[in-house]
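Student: There's a structure below that I have some questions on.
The values are calculated or read from the model by the stated rules, or taken from the named source; none is laboratory data. Since the structure is predicted, the reported quantities are computational estimates derived from the model, not experimental observations. Backbone-built Cβ (ideal geometry, glycine too); neighbour counts: all protein chains shown.
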Amino acid sequence: MGVRRRYSRSDLFLVRIWFEDRGDGSDHPERRGKVQRVVDGEAHHFDDWPTLIELLVAMTAEKFGPVERVPLQDKDKGEQDDEQA
């Protein structure tokens, strides 16, 4: 049986992503998005992935304080090390 974890520092977000015509005849639609904290309804719009990440970091920091950011390369390396062990 798996271990059940309790998350006292958690939050719930809804992320909606859609594509819009640029209006310039381009074949490449423009990505748009909205991230919303489910509990209180706080919402922000974004148009690229880095902005989405910045918004999530800022929104969680408001509630829980700053969180140490681990570069994705280090995180991936750690997961590979765990899998090899």
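Student: When only residues in segment 11-41 that are outside any loop (DSSP other than H, G, I, E, B) and β-branched (Val, Ile, Thr) count, which is surrounded by the most Cβ atoms within 10 Å (Cβ to Cβ)?
Tutor: By that ranking, first place goes to Val35.
Student: Taking into account only those residues within segment 49-68 that are surrounded by fewer than 10 Cβ atoms within 10 Å (Cβ to Cβ) and not in a helix (DSSP H, G or I), which is modelled with the lowest pLDDT?
Tutor: Pass one, segment 49-68, residues surrounded by fewer than 10 Cβ atoms within 10 Å (Cβ to Cβ): 50, 65-66, 68.
From what's left, not in a helix (DSSP H, G or I): 65-66, 68.
Working: Gly65: 78, Pro66: 76, Glu68: 68.
In this case the residue turns out to be Glu68.
Student: For segment 47-68, which residues satisfy the criterion of being of a type in the set (A, V, I, L, M, F, W, C) and within 11 Å of the chain's Cα centre (by Cα)? It would help to see each step written out before you state the result.
Tutor: Let us first name the residues in segment 47-68 that are of a type in the set (A, V, I, L, M, F, W, C), namely 49, 52-53, 55-59, 61, 64, 67.
Scanning segment 47-68 gives Trp49, Leu52, Ile53, Leu55, Leu56, Val57, Ala58, Met59.
Student: A further question follows. Could you tell me whether Phe46 is surrounded by fewer than 13 Cβ atoms within 10 Å (Cβ to Cβ) and aromatic (Phe, Trp, Tyr)? Don't jump to the end; show me each part of the working.
Tutor: Numbers: surrounded by fewer than 13 Cβ atoms within 10 Å (Cβ to Cβ): no; aromatic (Phe, Trp, Tyr): yes.
It is false that Phe46 is surrounded by fewer than 13 Cβ atoms within 10 Å (Cβ to Cβ) and aromatic (Phe, Trp, Tyr).
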